[in-house]
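Student: Before I ask anything, let me first share the structure, which is written out below as C-alpha cells.
Laboratory data are not the source of any read-out in this text; all were calculated from the coordinates shown. If you're wondering where the values come from, they're calculated on a predicted model, not measured in any experiment. Quick reminder, even Gly has a Cβ in these numbers, built from the backbone with ideal geometry, and neighbours come from all protein chains shown.
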Amino acid sequence: MTTSVTPDADVIGKRSEHLYFALRNPKVVIGLTIVIGLLLLGVIGPFFLNNDPNEYIGPKSEGPSGDFWLGTTYFGQDVFSQFVHGLRSSYLVGGLGAVIAFAIGLSVGFTAGYRGGIVDELLNMLTNVVLVLPALAVLIVISSYLEVRGVVSQGIIIGLFSWPWVARAVRAQSFTLRNRDYVDLAKLTGKRAPQIIIKEIMPNMASYLLMSVILLFGGAILFAAMLDFIGLGPTNAVSLGTMMQQSMAWSALHLGLWWWFVPPGVAITAIVGSLYITNVGLDEVFNPKLREM
Amino acid sequence: MGRYFRRKLLIYGITFFIAVTINFAIPRLMPGDPVARMLSRNAVSNPESSEALRSYFDNLFGLDVPMWQQYLNYWGALFQGDLGVSIFAFPSSVSSVVLDALPYTLALLLPSILLSWFVGNGLGAMAARNKLLDNTVLPIGYLFTAVPYMWLAILLAWTGGIILGWFPVAGGYSFALLPAPTWTFFVDLVQHWFLPFLSLFVVALGGWAIGMRNLVIYELESDYTNYMQALGAPQRLVRRYAFRNAMLPQISGLALQLGVVVGGALVTEAVFAYPGLGSLMLNAIQNQDFFLLQGILLFIVIGVLLFNFLADVVYVLVDPRTRLGLEGGQS
C-alpha cells in the first residue's frame, strides 16, 4: 500500500482505525467484494428468476446461450437458476453452521479457560474427543438416518461437529488473559464471571474471534458441499453440492456438459478462497507488525 | 513421557467409546425404522408374512431384547470382530465387505497424505525465504485449500480422463481384467489409481505449504534466531533451526488434519467410483444399509485413532521436551 495519509490517532478511535486499514487492504477489499457479490446474487437473484430451479423449461443439454446463461441440464433445467438458488442455500448453511459452531466453541472455550481446574479437564477432554472424530464420516452417518433433510438441519449438524478448534484456541487465549490486572480489578469490584468474560476478556480477542467465524463459515460451506455430493443434501432445495451430484449421476462428464458441473465448483472455490484471503488481510489489519506500509 | 502417553491413550479410549456409542445410539434414537423400511422395500403385502419377516430381522439384528442388553451385546460382538450382516451384499458380513474395500482406500490415502505433507512443507519452507516464490505459492495454496475435494476430482477426471483420454475415469481396475499378480494388471491398477491420488494430493498440498511458510516466518522472528544472527551464525544454519522447530506443529497438524482428509477421500472415491470405503459408503447410503454404514464409520474411527497414536509416537521421538516431561506437545 502506498497511501501517505496517516489517520490522526487522537481523533479516530481504535475501531475506526481498523476500519481505515481494512478498507485500504487489497486482500480484504477483494475478498469481501467477491463474497458479498455472490451473496447478493444468491439473495436477490431468485426474485428475478421467478421459476422453480428444478422446473423443466428449456431444451435438453444445451450449452450456455443468451436465454440460458449457464446452459441447461440433461433434463432441460436452467443451470443458472439452480446456481443462484444453490448459492443461497450454501450461504445459509455456512452462516448457520458457523454461528452454531462459534457459539458452542466460545462457551466451551471460555468456560474451560476461565474456570480452570476439573471443569477445564473435562471440557478439554470433550474438545479433544470431538477433534479426533472424523467429522465428515460422522455427519454422513447421522444425515443418512434423517429422512427429511433441509438446509437448516444440515447447518445445525455441521455446527455441532466443527467447534472444537475454536474452543481450543479460545481456551488457550483466555488462560493468558484471565490473570491480567484488569481482570483482577473487575473481580474485586464484584462483577460476575459471565460479565467479566464478555466485558473484559472478549474485547481483547475480538479480532481473533472475527477471524475464526470467517474460517468456520468457509469450512461449513465445504462440509455442506461434500455432504450434498454424497447424496445427503437437502431433500427440498437445490444446493451447489447437489448440482454436482446430479451432474455426476447423469454422466455430464461423459456427455461433455461442462456448464453443469463447473459453475458450482467455481462458486464454492471463489467463496471459500475469498474468505481465506479476507482472513489473511484482516490479520494484517489487526496486527500492525504485518502491515506493509 | 508416561503422562503424555497416558493422557493421549485416555483420550483415544474415550473417543472410541463415544464413537461406538454414537454408532449404537443413532439408529435406535433416530426417527424412522430401518427394518420397516427394509420390509417396505421388499414390498411384502401379506401382513402375516410381513410379521414373520419382521421378527426374523429383529432376531437376526438382535433387536428383540431390552436396550441395555442390546448395548452390551453390541460391545460383545464388536470384540469378536462381528459388525453384523450387510444388507446391500446380503449374505456377506460387514467386516468382510469393509476389509475388501480397505486396501484401495489405504493405497489412496497413505501416499497422498505423506507426499503432500513432505512436498507442502518443503514448498512452504522455500516460500518463506523467497519473495517471488512466496507471491506464487501463497495464492495458489489458498486456491487449493478452498477447492472442494470432489470438484477437483471431477475436473481432473474431465481433463485427464475425457478430454485428453490419458487415464480411465472409473473403477479400480478394468473390467476386462481379472485380479491377478501380473504386470498388465498392476499397470492397469496404477492407471486407475493415479487421478484420485493426484486430486487428494493437490488439495492437501496448499494447506501444508501455507502452514509451513507462516511457521518458518514466525520462527525466523523469534529470540533465538536474533541471538544466532547476532552471533554471526550462517544463514543456512539459522534456517535449519527454524525449519526443525516449525516441523513440530506440522506433525500434530498432520494428525488433526486426518479426519478431514479421510472425508475428502470418501467423496473423491465417489467421483471416480474407486472401489474403496467411499464408494462402499455411497452404496450403503443408496441401499439404506445401515449396518454397513456403521461398520465403515467404525473402521474409519479406528484408523484415525491409530494414525493419531502413530503421530504422537513420532512427535515424542522428534521433540525431546515431551520425553523429558517438559512443556511441549499439547495434550
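Student: What fraction of the Cα pairs in segment A:234-293, stated in percent, has a spacing above 16 angstrom?
Tutor: 60
Student: Rounded to whole Å and ordered largest first, report the semi-axes of the equivalent ellipsoid of segment B:116-200 derived from its Cα gyration tensor (root of 5λ).
Tutor: Working through the eigenvalues yields semi-axes of 33, 15, 10 Å.
Student: Additional query: Normalised by the residues of chain B, what does the relative contact order come to in percent, with Cα pairs under 8 Å and at least six apart?
Tutor: Once normalised by length, the contact order is 26 percent.
Student: Right, next: Return one number: the angle in degrees, 0 to 90 and rounded to the nearest 10, between the long axis of the Cα atoms of helix B:277-286 and the longest principal axis of the Cα atoms of chain B.
Tutor: Relative to chain B, helix B:277-286 is tipped by roughly 40 degrees.
Student: Just checking the output field for A:251-258: average partner chain Cβ neighbours within 10 Å of each residue's Cβ?
Tutor: Counting other chains' Cβ atoms within 10 Å and averaging over A:251-258 gives 3.
Student: At 0.36 nm per residue, and after removing the present C-alpha to C-alpha distance, how many nm does the segment from B:A176 to B:Q191 gain when stretched out fully?
Tutor: That pair, B:A176 and B:Q191, stretches by 4.0 nm at full extension.
Student: Could I have the simple spin-label model distance between A:E147 and A:K199, label points 7 Å from Cα toward Cβ, reported in nm to one decimal?
Tutor: Placing both labels 7 Å along Cα→Cβ, they lie 5.2 nm apart.
Student: Using the Cα atoms as the points, what is the convex hull volume per residue of segment A:175-226 in Å³?
Tutor: About 83 Å³ per residue, rounded to a whole number.
Student: Another question about this same structure. Please say if segment A:157-293 is rounded, prolate or oblate, where rounded means a/c under 1.5 for a ≥ b ≥ c the square roots of the C-alpha gyration tensor eigenvalues, and otherwise the choice is prolate for a/b larger than b/c and oblate otherwise?
Tutor: Since a/c reaches 1.5 and a/b is larger than b/c, the shape of segment A:157-293 is classed as prolate.
Student: Hey, what angle do you get for helix B:290-318 against the long axis of chain B, alpha-carbon based, 0 to 90 degrees rounded to 10?
Tutor: 20
Student: Next up: Starting from the Kirkwood Rh over alpha-carbon pairs, what translational D in µm² s⁻¹ does segment B:64-105 have by Stokes-Einstein at 25 °C and 0.890 mPa s?
Tutor: Rounded, D is 213 µm²/s.
Student: Within 12 Å, Cβ to Cβ, of B:N121, how many net charges do the neighbouring residues add up to if Lys/Arg are +1 and Asp/Glu are -1?
Tutor: Spelling it out: positives minus negatives among the neighbours equals +2.
Student: Can you give me the distance in nm between label points at A:F47 and B:F16, each placed 7 Å from the Cα along the Cα-to-Cβ direction?
Tutor: Distance between the two pseudo-spin positions: 5.7 nm.
Student: Okay, next question. Which FRET efficiency value, to the nearest 0.05, do you get for A:K289 and B:I302 by plugging their Cβ-Cβ distance into 1/(1 + (r/R0)^6) with R0 = 51 Å?
Tutor: 0.70
Student: Give me, ordered by chain and number, the residues 5 or more places off B:V85 or on other chains with an amide H under 5 Å from its own placed amide H.
Tutor: B:V94
Student: Let me ask something additional. Where q = 0.09, 0.20, 0.21 Å⁻¹, what log10 of I(q)/I(0) comes from the Debye formula for segment A:27-157, counting one point per Cα?
Tutor: -0.45, -1.16, -1.19
Student: With a cut-off of 8 Å between alpha carbons and a minimum separation of six or more residues, what is the relative contact order of segment B:75-141 in percent?
Tutor: Value for segment B:75-141: 14 percent.
Student: Let me ask something else about it. Kindly identify segment A:206-265 as rounded, prolate or oblate by the Cα gyration tensor criterion: order the square roots of the eigenvalues as a ≥ b ≥ c, call it rounded if a/c is under 1.5, otherwise compare a/b with b/c, prolate if a/b is larger, else oblate.
Tutor: It is prolate, given that a/c is not under 1.5 and a/b is the larger ratio.
Student: So, R0 is 51 Å and r is the distance between the beta-carbons of B:S95 and B:E48; what FRET efficiency does that work out to, to 0.05?
Tutor: The formula returns an efficiency of 0.90 here.
Student: Send over the per residue convex hull volume for segment B:167-317, Cα only, as a whole number of Å³.
Tutor: 163
Student: What span do the alpha-carbon atoms of segment A:119-190 cover on each of the three principal axes, reported in whole Å from largest to smallest?
Tutor: Projected onto its principal axes, the Cα set of segment A:119-190 covers 54, 24, 16 Å.
Student: With a cut-off of 8 Å between alpha carbons and a minimum separation of six or more residues, what is the relative contact order of segment B:115-269 in percent?
Tutor: 35
Student: So, R0 is 45 Å and r is the distance between the beta-carbons of B:R244 and A:R115; what FRET efficiency does that work out to, to 0.05?
Tutor: The value I calculate is 0.80.
Student: Right, something else. Within 10 Å of each Cβ in B:257-264, how many Cβ atoms from other chains are there, averaged over the peptide?
Tutor: Average per residue, whole number: 5.
Student: So for chain B, what are the equivalent ellipsoid semi-axes in whole Å, largest first, each being the square root of 5 times an eigenvalue of the Cα gyration tensor?
Tutor: In descending order, the three semi-axes are 45, 28, 15 Å.
Student: If the elastic network links every pair of Cα atoms under 10 Å, which of A:T235, A:T73, A:T278 fluctuates the most in the Gaussian network model of chain A?
Tutor: A:T235
Student: So for chain A, Kirkwood radius off the Cα pairs, Stokes-Einstein at 10 °C and 1.306 mPa s: how many µm² s⁻¹?
Tutor: Result for D is 74 µm²/s.
Student: Here's a follow-up. Residue by residue through A:225-237, how many Cβ atoms from other chains fall within 10 Å of the Cβ on average?
Tutor: 4
Student: Right, something else. Can you tell me the orientation of helix B:94-127 relative to chain B, as the angle in degrees between its alpha-carbon axis and the longest Cα principal axis, to the nearest 10?
Tutor: So the inclination is approximately 20 degrees.
Student: Suppose we look only past 33 Å in the calculated P(r) of the protein assembly as shown. What percent of the Cα-Cα pairs does that tail hold?
Tutor: 51
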